[in-house]
Amino acid sequence: MENMLIISGSPHVHTSRTVRSCMWHVVAALVPALGCALFYFGLGALAVVSVSVLSCMAFECLIERYMLGRRPQLSNGSAILTGLLLALNLPSNLPAWIVVIGALVAIGIGKMSFGGLGCNIFNPALVGRVFLLLSFPAQMTSWPLPLADRLEYVDAATGATLLSRIKMGEVSADDIDLVDNALGLVGGSLGEVGSIALLLGMIYLLATRIISWHIPLSIMGTVALFALCIGSNVGVELLSGGLLLGAIFMATDYVTSPMCHKGMVVYGVMIGLITMVIRHWGAYPEGVSFAILLMNGFTPLINRYIKPRKFGERRMAK
Amino acid sequence: MGTTFNKGGIHPAENKTAADIEDVELPNEVTLLLSQHIGAPAKAAVSKGDRVRRGDMVATACGVVSACVHTPISGVVTKVDRSLTPYGYMADSITVKADEADHCDDEVRRKNVEPCRSIDELDGLDGERIRAMVADAGIVGLGGAAFPTHVKLAVPKGLKADVLIVNGAECEPYLTADDAIMRLCPDEIMGGIKLLMRAVDVKRAIVGIEENKPDAIVAMKRAAACCGVDVTVVPLKVKYPQGGEKQLIFALTGREVPSGGLPVSVGAVVQNVATARAVYRAALYGEPLMERVVTVAGTARPGNYRVPVGMGINELLKVAGGIPADTGKIVIGGPMMGKAIETIYAPLTKGSSGILVILEREASRQAVMPCIRCGACVEACPMGLEPYLISTLSRFRMFDEAEEQKVTNCIECGSCSYVCPAARPLLDYVRYGKATVAERIRQRKKKCEDK
Amino acid sequence: MQVILITVLVLGAIGVVGAALLYVVAKKFHTHEDPRIGEVESLLPGANCGACGRSGCHDFATACVAADSLESLVCPGAGDAAMKRIAALLGLEASVATPQIAVVKCGGSCEMRPRRVRYDGIRLCSAENAVGAGESMCGYGCLGCGDCVSACRFDAIHIDEATGLPVVDESKCTGCGACADACPRKVIMIRSKGPRGMRVWVACSSRDKGAYTMKVCKAGCIGCRKCAGVCSHDAITVNGNLAVIDPEKCKLCRKCEAVCPTGAIRTSNFPVRKSDCSV
């Protein structure tokens, strides 16, 4: 035996899953939604997505190397994922320089200021989006119409989203064609259109066991129940706005969601409740981002107080 | 779908290939470590130059938790001294060298020795007798932990066992030794179960076997049907760590062993199938524990080998086809809970359930990434602990907090380290925290008693 | 104008009420502590190392103030001078303690004790110790992961990159024993510093037989008893293949160092011998 034997504590085998593969699975799950966005918004979508992804990667790389003095690890895909999620939360006619600012806030403030991968408290993409929403309210709420002006970028024809039209009293929720809604033929950000594509992504994530059902289903369940209770249209509440995108891709972000299943359900239910409260009684037409960010802040508290039941502890009380 | 335990658990690649048991020729020399079991080392009962015969006791149990040691070959004691263990330490041992005059052990072994008592006599043995016999035969738990069996069979005063759990789960990847024993000698196992039931005074026994061993389940069910006592064979869903005592008891009876408690506090005594067989052979043939079935994997000729205790690991590996040039790690036991060895020039012990040769490229650990708080470890922990938390607490030496989080409940199954996508050495830290906290608890108790 | 007036009045009133509340609480919950405790504590290093046997510096200071004599109260970290000042402050007699120091009982440097296996786990001696005998396959020697370094609160012990062994900084070590407790193999010993720092000790902890020790480490004590034979002060005992020098009996003659075949006996702070210079 020429080689030096290796010794280490058990276990001596390891799963094939890595941080990188987790991230790339999520990116893969976003492909249908991305395709939808490109189909509906054309050139604008392409511009926003590429600017967002590239600037997120660039900022991560620069900050890692020159401010933190570490070797940047872009290949783990987390910066790309943040860029994609940020883009999916933006309107397709958003000027590139605003997208770049969003990426800087998302990566710089949302992620790197806390120490990088795994250390952030808030979902970076949502930090970026909410920053833009508060700083550039006009640009952030003029939504291009799907399928119109697909070759235009900044000058595409715009309209309000369904939820804001409902909020303004322009349309009644009962008049809305659910099929159109599900297919994405209503205004909105890149990722809000195409509910079916988002659901496909969810099925993929559940099948590959990247996420568990607890967060998305508890959010959707809460929203549906709440809508039933206050007599709102369940279908519209579920399919419109950023709810699906938020429930499937944003709220399930590993870093900012609770660790155990019980905690995940509490987190999901609270997101659903806050979303509905904002939608119906708040100043904004849509509240998923705010709800998720708020609950991100509560995640450490949930982790502290909601713990899995330890094996063998129940009988001790006797 | 079979039953299983309630929390956590993982599905590592099984890598099991059912193989029959092959006898290994007896070696010319064996080195019998005096501490092959959990507890106090045995005390040498022979001295240099003594002539011993196969099956002779060469070291006696010393203290309550201890087991005696027997030689598997006849010959002369050449050394009563310290020798190298697989883990690189020097430890007390006895070396026996076969001499020309007495080389018919292999024949004796092949012929299947005469029973020293009839089956009827076997049925007449009482619990006390059986326990004494088990102690005399030096039998220890053959699942890997090597806890002296007679100690486990002695139910503490004030407690009463009502069911014997027989562990045929063999949930570790690669290992098929128990599978082979169950397929090839189910009747011997049943005989052992009957004896063990009387030793702990229970009327019921449950055998748990994972569903990936269908032949073993069929064979054991057939044997159970005609054994005349209440033995149920229950197929279990394949999930690691099914063979953990607490997990197995829950899977088969729905009872939860309280943290810090013994299995017998919920009325269960757990024994491995190979142990049951050893008990039967000790009772029927008067054969002490001096051989065991070892799964060898990763060599040119992997398989299950019947190996005398004390044989050099290098010799067994040679029989199994030798190790590849790019060997990185050799593990005794399964890949999840086994221990990596430092040298192959050391003897096998009673607890060696498998020898795994892992290639260098698979043996090295991956680069550690930051924790992404995915919760996979929490989901995987069969004890309902939060490995990410207790490993961090241990790492930063926050032992009071780690104790609060029940770090001492950890069974060191390794599920957390296995599933971690960031390849963090969770169990390394948890183990460190567990040992430190356990030591602190001991110190505290001692202080209380002193006062 | 009225708005400003009301604001000022309201805020002022809140301030007055708050101040009154604070005063009452401060009076009610005031505890008296002997001011000397604080003074004594300020003379202590404040490392809370526990070497004095108390749970921390404050506890030690409290004990000093309460005690009638300082006989059993010694802070190794503060040193004699500080203990004398504490004694003067309290009007007591300071007890003189022999200064202690940590000594590493392993000489198995990377060169003397080659690596035989590779440890691929967390850099923690206690973790490596639990896995097996360690990379060199010496079951008694230093593992070099630095549990002692992280245990030291005086920054007095460091791992030498070249030898892989810990080195004690004499000027900083207080002999508190935190490193000795942290070492899973008890390689570090706390002993008297010796006159002008001169010490003779066995830099090996191996109780393995000489033949095996020699196989794994060129610098190990092989229990040959030559040192015990040459020692005229009866200071060396060989027990379990390991020589031990009693610091109380050792007269620092260094005969043992000269006869040790493996160089396991080490000395420190001796003036350079003339014979050494001529070589």
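The single residue among A:235, A:268 that is over 18 Å from the mean Cα position of the chain (by Cα) and either modelled with pLDDT of 95 or more or away from chain B (no Cβ under 14 Å) (or both) turns out to be A:235. Inside the stretch B:324-334, residues that are at the interface with chain A (Cβ under 7 Å from one of its Cβ atoms) and either modelled with pLDDT of 95 or more or assigned to a strand (DSSP E or B) (or both) make up a count of 5. Of all residues in the stretch B:379-390, those satisfying the criterion of being outside any loop (DSSP other than H, G, I, E, B) and aliphatic (A, V, I, L, M) are B:380, B:389, B:390.
Among residues that are among the aliphatic types (A, V, I, L, M) and free of Cβ contacts under 8 Å to residues at least 24 places away in the same chain, residue B:229 is not included.
Mind checking which residues of the stretch B:57-92 are within 21 Å of residue B:134 (Cα to Cα) and surrounded by fewer than 18 Cβ atoms within 10 Å (Cβ to Cβ)? Quick ask: steps written out before the conclusion?
So in the stretch B:57-92, the residues within 21 Å of residue B:134 (Cα to Cα) come out as B:57-73.
Scanning the stretch B:57-92 gives B:60, B:62, B:63, B:64, B:65.
Helices (runs of 4 or more DSSP H) fully within the stretch A:189-294 that include at least 1 residues being more than 26 Å from residue A:87 (Cβ to Cβ): A:214-229, A:234-239, A:261-281. On inspection, residue A:78 qualifies as touching a helix residue (DSSP H, G or I) at 6+ places or on another chain (Cβ under 9 Å), closer than 25 Å to residue A:44 by Cα, within 12 Å of chain B (Cβ to nearest Cβ) and surrounded by 24 or more Cβ atoms within 10 Å (Cβ to Cβ). Contact map, the stretch B:232-246: residues that are under 26 Å from residue B:197 (Cβ atoms) and among the β-branched types (Val, Ile, Thr) paired with residues that are at pLDDT below 95 and part of a loop (DSSP other than H, G, I, E, B), Cβ distance under 8 Å, separation 6+ or inter-chain. Pairs shown: B:234/B:2. Restricting attention to the stretch B:374-433 and to residues that are closer than 16 Å to residue A:13 by Cβ and among the hydroxyl-bearing types (Ser, Thr, Tyr), the residue that is surrounded by the fewest Cβ atoms within 10 Å (Cβ to Cβ) turns out to be B:418.
Taking the stretch B:356-373 only, how many residues are more than 7 Å from chain A (Cβ to nearest Cβ) and crowded, with 20+ Cβ neighbours inside 10 Å?
Here is the first cut: in the stretch B:356-373, the ones more than 7 Å from chain A (Cβ to nearest Cβ) are B:356-357, B:359, B:361-362, B:367-368.
Filter once more, keeping what is crowded, with 20+ Cβ neighbours inside 10 Å: B:356-357.
Total satisfying the criteria: 2.
With the structure loaded, tell me whether residue A:53 is surrounded by fewer than 24 Cβ atoms within 10 Å (Cβ to Cβ), at pLDDT below 95 and closer than 30 Å to residue A:300 by Cβ or whether it fails that test. Taking the combined requirement at face value, the residue does not satisfy it.
Filter the stretch B:276-318 for residues that are assigned to a strand (DSSP E or B) and either among the polar types (S, T, N, Q) or free of Cβ contacts under 8 Å to residues at least 12 places away in the same chain (or both) and give the result. Break it down into steps so the answer makes sense when it comes.
So the first thing to find is which residues in the stretch B:276-318 are assigned to a strand (DSSP E or B), and the list is B:291-297, B:303-308, B:312.
Residues satisfying the conditions are B:295, B:304.
In the stretch B:314-339, which residues are over 17 Å from residue B:22 (Cβ atoms) and in contact with a Pro (Cβ under 9 Å, 6 or more places away or on another chain)? Scanning the stretch B:314-339 gives B:330, B:332, B:334, B:335, B:336, B:337, B:338, B:339. Summed over the stretch A:247-265, the residues that are surrounded by fewer than 24 Cβ atoms within 10 Å (Cβ to Cβ) and more than 11 Å from chain B (Cβ to nearest Cβ) give a count of 1. Here the condition is being under 22 Å from the mean Cα position of the chain (by Cα), modelled with pLDDT of 95 or more and not in a helix (DSSP H, G or I); of B:217, B:206, it holds for B:206 alone. Among the residues making up the stretch C:111-170, a single one is touching a residue at least 40 places away in the same chain (Cβ under 8 Å), farther than 30 Å from residue B:358 by Cβ and within 13 Å of chain B (Cβ to nearest Cβ): C:153. The requirement of being assigned to a helix (DSSP H, G or I), more than 15 Å from the chain's Cα centre (by Cα) and not assigned by TED's automatic domain parsing to the domain that holds residue B:295 is fulfilled nowhere in the stretch B:154-171; no residue meets it.
From the set of residues in the stretch B:391-439 that are part of a loop (DSSP other than H, G, I, E, B) and in contact (Cβ under 8 Å) with a residue 60 or more places away in the chain, which is nearest to residue C:128 (Cα to Cα)? Let's see the steps before the verdict.
So the first thing to find is which residues in the stretch B:391-439 are part of a loop (DSSP other than H, G, I, E, B), and the list is B:396-398, B:405-406, B:410-414, B:420-425.
Next, from what is left, pick out any that are in contact (Cβ under 8 Å) with a residue 60 or more places away in the chain: B:406, B:411-414, B:425.
Values: B:406: 23, B:411: 19, B:412: 16, B:413: 18, B:414: 17, B:425: 13 Å.
Going through the qualifying residues, I end up with B:425.
The values are calculated or read from the model by the stated rules, or taken from the named source; none is laboratory data. Remember, it's a predicted structure, so these values are computed and weren't measured experimentally. Counting neighbours? That spans all protein chains shown, and the Cβs are built from the backbone with ideal geometry, glycine included.
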